[in-house]
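These notes concern the structure reproduced below.
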Amino acid sequence: MAMEKWRENPDEELAKIFKRSELSTFWSTNISLVIEPGETLVWIRDGQIEETVTQTRLNNVAGGFRNWIASKNSGGKDIQMLIIDNKPFEIVIGADGYTKDDLEQTGIARLTLRLNHEQANRLTGMLKEKAVKATKGFFRKREVITGYETKLTRTDIEQMMAAEARAKVFGPVIKKFESTDFGSRQLVGKVETAAQIELRKTLELWGMSLENIYVEWDRNAYQSWKSEKAPSIWEEKARRESELAEVIHSEDISDIKADSSRERRKKNSELESEIRTRESEQDVGELSQLMKIKEQINQQKIERNKAEADSGIELEKVKAEAQVESSKYNLETYKDAQATESEKMLRMMEIMQGKKKKEEEE
Amino acid sequence: MVEIITGALIGYRLVKDAKFVLSIAKYVKDYQGYDTKDNKEDDRAVRNWIMESINGLRTHAVNLMENGYRNDDDNLEREAKVMMDNLDLFKNEVNLASAREAKSVWNKVSDEDFDDLVEFDLKVVKGIDKVEKIMAELEIEVTSDGKNKTKLLGEAKSGITAARNHFIERMQFVGGFK
């Protein structure tokens with residue numbers, strides 16, 4: 001007889017529902033179902049738990065599991081078989097928040113949970129609320145419910161608990177403590193108490209119980225959890241937030257742009273009028289300055305002319321004096337030259353006379 | 001003479017068992033005192049009742065813890081946590097007991113042993129019921145800031161331990177079935 005496990009991935013799958021249609025085809029073949037210790041099979045007829053069984057009980061039923069299924073499958077409208085792993089299991093979620101003194105604290109919380117098989121109807125009820133939707137239609141696309149979730153996985157629970165624990169447990173508890181209190185026994189106790197109280201509703205809705213919780217305040221562990229396991233809800237939220245921020249930002253930018261253009265226009269017109277005023281003032285100033293300069297130039301011209309005239313007379317005077325002086329000088333030099341010449345002549349005459357005497361003597 | 005005494009003893013035993021069975025049936029629906037074709041049905045019914053009752057006790061404990069948390073009563077918070085831890089361990093034992101029924105022994109057990117099992121069941125059921133009443137009273141006492149708070153806290157804690165011990169004895173008794 002072939003043996004069949006009810007789940008493919010025991011680390012991930014925690015509960016699975018089999019519907020009547022699946023039971024009458026797949027399970028009624030020559031297969032024996034293996035339910036390990038700590039697992040429970042719950043038989044649900046018309047939404048009521050009819051039987052809670054284990055593998056041992058199935059072995060005791062004459063004819064084995066196949067006949068047992070056949071005996072159970074008659075009558076009743078809605079028949080479901082739910083198999084639950086009711087051993088404690090651990091989930092890891094991120095813990096972050098700001099302390100009383102406004103310092104960010106991050107870490108990872110390890111929660112030990114257990115699915116209560118005696119509350120199996122709650123679990124099936126909640127799984128029924130998780131509709132599986134698909135988009136149909138070619139031209140006009142619409143979302144339709146194609147079925148309901150039949151599996152509960154560890155990741156589902158992690159995703160479900162992470163956001164709620166973050167908002168209801170870690171944030172408020174961290175806010176009550178100073179950063180120096182981290183690592184204290186009191187904080188450990190408060191986190192556990194807050195988790196038991198604040199997550200109670202969700203846990204009870206799902207037929208689960210929280211057996212233990214502790215937080216490792218380790219920034220690196222939190223970062224690696226965030227990058228690997230952070231719930232898709234968070235990603236979606238982050239995406240929406242970023243979109244919203246972008247919209248707000250673009251609106252702000254357009255507002256700023258409009259404001260700035262308006263401002264710019266206003267400033268431009270003010271500047272233009274100011275420039276015009278300044279220009280006219282400057283023109284007036286420049287004109288008056290020009291007039292002044294022109295006047296000054298005229299004055300200077302007059303003065304220069306006057307000075308030139310004065311200087312011309314002076315020059316003429318100087319020239320005349322220089323001429324007088326030069327003629328004086330010329331005269332003196334002429335006199336001197338004449339004297340020198342006459343002296344020369346005299347000496348020549350004397351020499352000539354001396355020569356004559358000498359010849360005569362000879 | 002011996003026959004009369006034996007008959008009287010059997011009669012006394014039957015009456016006593018019937019009384020016990022009736023007492024348990026007040027709490028556990030359809031309890032038959034291991035007198036049906038499938039005796040494991042009664043065992044499972046008792047264990048399911050215990051588990052559901054433990055869930056109820058746990059809810060009381062969480063309520064007490066919440067009261068302590070909201071009113072900054074660290075002592076109450078701690079005591080409630082101790083109760084919850086004990087209840088979780090109790091529940092774990094009940095779950096483990098259900099996994100232990102791998103031995104198909106239920107068809108070979110003698111009537112006397114079943115009678116003793118009924119007595120064990122009664123002790124556990126009555127013990128849990130007693131704790132339930134104490135915890136309900138304790139919750140009211142805590143909310144109204146009554147004087148008996150500390151006394152009831154102690155009684156609830158010891159009641160949980162006593163009921164758990166009765167269940168362990170029962171588990172050991174069933175484990176001894178061959």
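The values are calculated or read from the model by the stated rules, or taken from the named source; none is laboratory data. What you see is a predicted model; the values in this text were computed from it and never measured. When we count neighbours, we look across all protein chains shown, and the Cβ atoms used for this are built from the backbone with ideal geometry, even at glycine. Ligands, DNA and RNA are stripped out before the accessible areas are found, and what is left, the full protein with its side chains, is counted by its heavy atoms. Shrake-Rupley method; radii C 1.70, N 1.55, O 1.52, S 1.80 Å.
Points to keep in mind about this one:
Residue by residue, here is whether (1) open to solvent by 30 Å² or more (accessible area, probe 1.4 Å); (2) of a type in the set (Val, Ile, Thr) holds:
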{"residue": "B:Ile128", "(1), (2)": "no, yes"}
{"residue": "B:Met135", "(1), (2)": "no, no"}
{"residue": "B:Ile140", "(1), (2)": "yes, yes"}
{"residue": "B:Asp145", "(1), (2)": "yes, no"}
{"residue": "B:Asn148", "(1), (2)": "yes, no"}
{"residue": "B:Leu152", "(1), (2)": "no, no"}
{"residue": "B:Asn165", "(1), (2)": "yes, no"}
{"residue": "B:Met171", "(1), (2)": "yes, no"}
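- Looking only at residues of the stretch A:170-226 that are among the hydroxyl-bearing types (Ser, Thr, Tyr) and farther than 26 Å from A:Ala15 by Cα, we find that the one that is nearest to the other protein chains (Cβ to nearest Cβ) is A:Thr193.
- Subset tally (residues that are within 36 Å of the chain's Cα centre (by Cα) and within 14 Å of chain B (Cβ to nearest Cβ)) for the stretch A:100-142: 2
- Pick from the stretch B:114-126, criterion open to solvent by 50 Å² or more (accessible area, probe 1.4 Å) and either among the β-branched types (Val, Ile, Thr) or at pLDDT below 90 (or both), ranking: farthest from B:Leu89 (Cα to Cα): B:Asp116
- Count of residues meeting criterion [crowded, with 19+ Cβ neighbours inside 10 Å and at pLDDT 90 or above] in the stretch A:212-226: 3
- Being open to solvent by 40 Å² or more (accessible area, probe 1.4 Å) and at pLDDT 90 or above holds for only one residue in A:Lys136, A:Lys130, A:Lys176, A:Lys141, and it is A:Lys176.
- Selection status of A:Ala162, of a type in the set (Gly, Ala, Ser), over 23 Å from B:Asp74 (Cα atoms) and within 33 Å of the chain's Cα centre (by Cα): yes
- The number of residues in the stretch A:77-114 that are in a strand (DSSP E or B), in contact (Cβ under 8 Å) with a residue 40 or more places away in the chain and not aromatic (Phe, Trp, Tyr) comes to 24.
- Sole residue being surrounded by fewer than 20 Cβ atoms within 10 Å (Cβ to Cβ), modelled with pLDDT of 75 or more and at negative phi, chosen from A:Glu39, A:Glu4, A:Glu12, A:Glu22: A:Glu12
- Filter pass, A:Tyr148 being out of contact with any Ser or Thr (no Cβ under 6 Å at 6 or more places or on another chain), within 14 Å of chain B (Cβ to nearest Cβ) and among the aromatic types (Phe, Trp, Tyr): no
- Scanning the stretch A:283-298 for residues that are open to solvent by less than 100 Å² (accessible area, probe 1.4 Å) and of a type outside the set (A, V, I, L, M, F, W, C) yields A:Asp283, A:Gly285, A:Glu286, A:Ser288, A:Asn298.
- Scanning the stretch B:73-93 for residues that are more than 10 Å from chain A (Cβ to nearest Cβ) and modelled with pLDDT under 90 gives a single hit, B:Glu93.
- Residue count for the stretch A:81-96, restricted to those that are farther than 19 Å from A:Thr153 by Cβ and open to solvent by less than 10 Å² (accessible area, probe 1.4 Å): 1
- Residue in the stretch A:146-162 that is within 24 Å of A:Lys226 (Cβ to Cβ), open to solvent by less than 20 Å² (accessible area, probe 1.4 Å), in contact with a Gly (Cβ under 7 Å, 6 or more places away or on another chain) and part of a helix (DSSP H, G or I) present: yes
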